[in-house]
Amino acid sequence: MITMKDIVREGHPSLVNVAKDVELPIRDDDKQLLLDMLEFLKNSQDEEIATKYDLRAGVGLAAPQLGIEKRLIAVFFEDADGKVYNYGLVNPKIVSHSVEQSYMAAGEGCLSVDRPVEGYVPRHARVTIKATDLNGNPVKLRLKGYPAIVFQHEIDHLNGIMFYDHINKEFPYAVPDNSTVIE
Ligand code: SB7
Ligand code: NI
């Protein structure tokens with residue numbers, strides 16, 4: 001099973017490099033990696049398992065956070081309406097996005113960052129994402145609100161971008177232009 005020991009931290013090159021496209025059809029080892037990443041997310045949100053293995057709760061994970069420079073992401077969380085997002089995705093791509101931005105009032109964190117980072121992280125308010133799922137099926141997701149933020153955070157990892165790269169250096173709490181806040 002994946003634990004915190006497997007997650008690379010700031011300073012590791014895979015967090016700043018652009019990850020490589022994954023071959024399709026999906027190979028068994030890439031599919032198994034996505035399954036392991038999803039299991040980690042579920043374990044990290046299970047109080048008993050998380051305590052036992054000292055896991056930090058996460059709603060998403062990207063392969064570069066394991067030192068693996070492949071375009072693979074996993075997400076597992078519930079949105080405000082109780083809708084569950086449970087996806088292992090290959091080569092996810094933002095194919096369109098709103099001009100309007102959004103940001104989380106509480107800012108963002110990252111399993112690869114062992115320190116609090118202050119400031120608002122401007123994101124696209126709405127995104128359309130195309131990818132291939134675990135079973136090799138094409139998926140097209142239209143996302144807004146918190147789900148849109150999570151997927152953008154994960155896809156950024158594939159491009160060597162960290163959440164704090166988006167924070168206004170001089171004024172970390174400057175309200176992004178044309179934005180709505182997510183509480
Ligand atoms: C806050 C946290 C996350 C996404 C969006 C807002 C995910 C944190 C876990 N990860 O480091 C995943 O890359
Ligand atoms: Ni992260």
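Numbers for the structure displayed
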item	result
Charge sum, other residues only, whose C-beta stays under 15 Å from Ser112's C-beta, Lys/Arg counted +1 and Asp/Glu -1	-4
Most to least packed among 11-20, 48-57, 104-113, 86-95 [average Cβ atoms within 10 Å]	86-95, 104-113, 11-20, 48-57
Column: log10 I(q)/I(0), Debye, Cα scatterers of the chain, q = 0.10, 0.13 Å⁻¹	-0.37, -0.65
For segment 165-173, 3J(HN,Hα) per residue [Karplus equation, 6.51 cos²θ - 1.76 cosθ + 1.60, θ = phi - 60°, Hz, x = Gly/Pro]	4, 8, 6, 4, 5, 6, 10, x, 9
Gaussian network model of the chain, Cα within-10 Å springs - most flexible of Arg126, Arg142, Arg71	Arg142
For Ala50, net neighbour charge (Lys/Arg +1, Asp/Glu -1) across residues whose Cβ lies under 13 Å away	-2
For Arg126, distant residues with modelled amide H under 5 Å away	Ser98
J(HN,Hα) series, segment 73-83, from Karplus relation 6.51 cos²θ - 1.76 cosθ + 1.60, nearest Hz, glycine and proline x	9, 10, 9, 8, 6, 10, 8, 4, 8, x, 7
Top of Val84, Val150, Val121 by mean-square fluctuation, Gaussian network on the chain, Cα under 10 Å	Val84
J(HN,Hα) series, segment 41-53, from Karplus relation 6.51 cos²θ - 1.76 cosθ + 1.60, nearest Hz, glycine and proline x	4, 5, 4, 5, 9, 9, 3, 5, 5, 4, 5, 4, 9
Within the chain, helix-based [θ] at 222 nm, where runs of 4 or more DSSP H residues each add -39,500 (n - 2.57), nearest 500	-6500 deg cm²/dmol
Label-point separation, Val99 to Val117 (7 Å along Cα→Cβ), nm	2.9 nm
Top of Leu61, Leu141, Leu72 by mean-square fluctuation, Gaussian network on the chain, Cα under 10 Å	Leu141
Of all accessible heavy-atom area on segment 4-182, the percent that carbon and sulfur account for (1.4 Å)	50 percent
Normalised contact order of the chain, rounded percent, pairs of Cα under 8 Å and 6 or more residues apart	25 percent
Accessible area in square angstrom per residue, segment 4-182, 1.4 angstrom probe	52 Å²
Rg over Rh [alpha-carbon atoms, Kirkwood Rh] for segment 2-88	0.99
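The values are calculated or read from the model by the stated rules, or taken from the named source; none is laboratory data. Keep in mind that what you see is a predicted model, and the values were worked out from it rather than measured. Neighbour counts are summed over all protein chains in view; Cβ atoms, including those assigned to glycine, are modelled from backbone coordinates with ideal geometry. Remember, those area values only see protein heavy atoms, side chains included, never the ligands or the DNA or RNA. Shrake-Rupley method; radii C 1.70, N 1.55, O 1.52, S 1.80 Å.
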